[in-house]
Amino acid sequence: MKSINEINSLKLIIKALFFVFCGSYLLLIIKNMFAIMENDLSYINECSSEDITSLIIVTIVIKLISKGLFFIGFYHLIKVLNFETLDGSFSIKKINLFKKSGRLILLSGVIGIFAISIDMLINVFNATFSTIEQNNDFLYSLYFSAIVGLFLIVFSKILERASELKKENELTI
Amino acid sequence: MKTIKLLKKLIDVFFVLLLLSLFIYIVVGILYFGFSDLLPEGAIEVQDFIVKDKAMSIFFTILAIAFGFFVKGVFHLRKTIPLLLTGDYFSETITKHFRACGIIFIYVGLTALLVHLISQWYLNSIIWIRIDTQIYMFLFLIIIGLFFKLFSIVFSKARDLKQENELTI
């Protein structure tokens, strides 16, 4: 009883935080739209309007794809929380959602790292080292999200095993 | 098994990089806030908005401690890998490590978020929330911490199922 109460309160906090997360994503979209309307990428901390090249635009598009995949993955992860009892967390649907979210977050991390690497190379060739430090921080967070993605895939495998155990148990009874 | 092996490699590299970054962060911080008079002009370059005063040094110290705890959280995650590799998914040790790392991630995320907001307010004299990667990362860290905590409970339940199963056999 105590654990189910704890789980319910944790679920509630996670969903509330995800709501805040969505809000900040919405602001990011508005910021991006503003940058496109004003034709100035400095609004999204990318570069000033004078140095926009096609390579920079490609990098920005790849970064946006990475962010989009991350958001979808995260949304699937939140959907995992829709279970009423503890046994509900071992259902095939939840396991598949876990796997899907893990794969999407991992993919977003890998794509993001690829985009940042291109960005870093551009900066090295242009000798603009000031942005490399910022990218370095971002690289760490992407690397961490890739690790989290892999952990979610592992979690799905553990839950799969737990689901088998539950079925065996029910059959024995 | 392949996934766990890949995870092991990634987490090992991440852990070493984190330790190295923590060391650099502390050394640079101590030099900047404590001994900058002894260093030649321009020896340490920081972002323009970082002013050298007592409040900023306090923010820096809190963040350094939070960073240290984050490394400890990753250390707990790393400790689960050998157990996962043996296939002992439902051991009490794994659950304990997930729970510990979850709690650490929640506190680190909350601390970093608070320091970020307070330092922005301190530097700009207004409550100014800048939507940047750091905010996402802190929120993500708190949510992932909560997830680890939640699933440590679910895995405890799975352990009970396994024990029941073994007893029935």
Check your understanding: Quick one: what pairs do we get from region B:1-21, first residue free of Cβ contacts under 8 Å to residues at least 40 places away in the same chain, second among the basic types (Lys, Arg), C-beta under 9 Å, 6+ apart or different chains?
Key -> B:THR3/A:LYS157
Check your understanding: Among the candidates A:GLU6, A:GLU46, which residue alone is at pLDDT below 80 and more than 30 Å from B:PHE148 (Cβ to Cβ)?
Key -> A:GLU46
Review point. Out of all the residues in region A:129-137, is one or more part of a helix (DSSP H, G or I), modelled with pLDDT under 75, open to solvent by less than 60 Å² (accessible area, probe 1.4 Å) and at the interface with chain B (Cβ under 7 Å from one of its Cβ atoms)?
Key: no
Point to revise | Complete set of residues in region A:84-118 that are assigned to a helix (DSSP H, G or I), surrounded by fewer than 18 Cβ atoms within 10 Å (Cβ to Cβ), of a type in the set (Val, Ile, Thr) and touching a residue at least 40 places away in the same chain (Cβ under 8 Å) | key: A:ILE92, A:ILE118
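Answer yes or no as to whether A:PHE74 is open to solvent by less than 70 Å² (accessible area, probe 1.4 Å) and not in a helix (DSSP H, G or I). Write out each step before concluding.
Details: open to solvent by less than 70 Å² (accessible area, probe 1.4 Å): yes; not in a helix (DSSP H, G or I): no.
In short, no.
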Exercise for review: Would you check if there is a residue in region B:108-128 being within 14 Å of chain A (Cβ to nearest Cβ), under 30 Å from B:ILE24 (Cα atoms), modelled with pLDDT under 80 and more than 14 Å from the chain's Cα centre (by Cα)?
Suggested key: yes
Review point. Regarding B:LYS72, is this residue within 14 Å of another protein chain (Cβ to nearest Cβ), open to solvent by 30 Å² or more (accessible area, probe 1.4 Å) and of a type outside the set (Gly, Ala, Ser)?
Key: no
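The values are calculated or read from the model by the stated rules, or taken from the named source; none is laboratory data. Just so you know, these numbers come straight off a predicted model, no measurement behind them. All Cβ positions, even for glycine, are placed from backbone atoms using ideal geometry, and neighbour counts span all protein chains on display. Each accessible area value is taken on the protein alone, full model and side chains, heavy atoms only, with ligands, DNA and RNA left out. Shrake-Rupley method; radii C 1.70, N 1.55, O 1.52, S 1.80 Å.
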